[in-house]
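One structure is given here, and the rest of the page talks about it.
What follows is calculated from the coordinates using simple rules that are stated; it is not laboratory data. From a predicted model like this one, the values you see are computed outputs, not experimental measurements. With ideal geometry, Cβ positions are generated from the backbone for all residues, glycine too; neighbour counts draw on all protein chains shown.
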Amino acid sequence: MRDTGIHKDSVKTWKVLKTESENYDITSLYLEGDDERLKKRRAGQWASIRVLRDDGWSEPHPFTISCAPEDEILRFTIKKAGVFTCSIPELSPGTPVRVEGPFGVFCRDIEKSPEIALIAGGVGITPFLSVLRWLRNIRAKNRMTLFWANKTIEDVFAAGELKEMTRALTLTIIHAISREKEVEKYFQTEYPHILYMPRHLMLPVRPSQDARIHAERTGGMRCRSEIGREREFQLVFLFSQVDAILPLGHRKPITLLESKLFDY
């Protein structure tokens, strides 16, 4: 186990409250417990968990904390990708789980940005779910657009909650569905700010020399801010292609957040 600078005796043991299926290969794990460090966490941070088995504690595995930072019950939303993650849906209530964290700095002070673009692929949306849940709870007034790439509509999860977020927040959601062509059938008039694209989500990868991009990596995620004008124009052009709420002539700075592009 890597050295995290935290003594093993200070790592608190939580217990499984429940598991909840999000779709065919993603499960949310809910834990109940008490840890002063985790009470002070920020949206989008991650933690390492170890589960007590018959033969002892498992190896540590890192996951984003997908709930809002003020939630007392910890929530991890986990995709099946190996032996450990495939065992998550089978965990019984009361199973002891050691939680070490929180770690990482995911887009510090993002609430101060008046306009935000979020880009995620598949289960890589989990830190943004944490951020959006927090922004909803504080009744944020930021203008936000979420781009979310998935293979099929069956890969989309938390759909009902995200629909309601478009009513509670100034939020537009653009689903890029790469393996379906007739995605317009999913559009619902009662949710006019949820749109669908029948292709991969493409963004420019070579910004101009005068584009101001600052990046930091934490736990496999990137945060970008202070987007330069040319980069901003290219991004807004993508907005305009899907008739989103930002006009083509828009020129104000946008904060662009990119999470695990594209883990799906």
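Some points to look at:
- Order of Tyr196, Tyr24, Tyr191 - criterion: other Cβ atoms within 10 Å of each residue's Cβ, fewest first: Tyr24, Tyr191, Tyr196
- Checking the Cα-Cα distances for Lys40/Lys141; Lys15/Lys80; Lys15/Lys151; Lys80/Lys141; Lys18/Lys141 against a 31 Å cut-off, the pairs over it are Lys15/Lys151; Lys80/Lys141; Lys18/Lys141.
- Net lengthening on full extension, Leu52/Ile73 (0.36 nm per residue, minus Cα-Cα): 5.7 nm
- Residue exposure sequence - Leu52, Leu162 - by fewest surrounding Cβ within 10 Å: Leu52, Leu162
- Prolate/oblate/rounded label for segment 8-103 (Cα gyration tensor, a/c 1.5): oblate
- Contour excess over end-to-end distance, with Cα ends at Thr13 and Glu36 and 0.36 nm allotted per residue: 7.0 nm
- Sorted fewest first by neighbouring Cβ atoms within 10 angstrom, Arg50, Arg139 come out as Arg139, Arg50.
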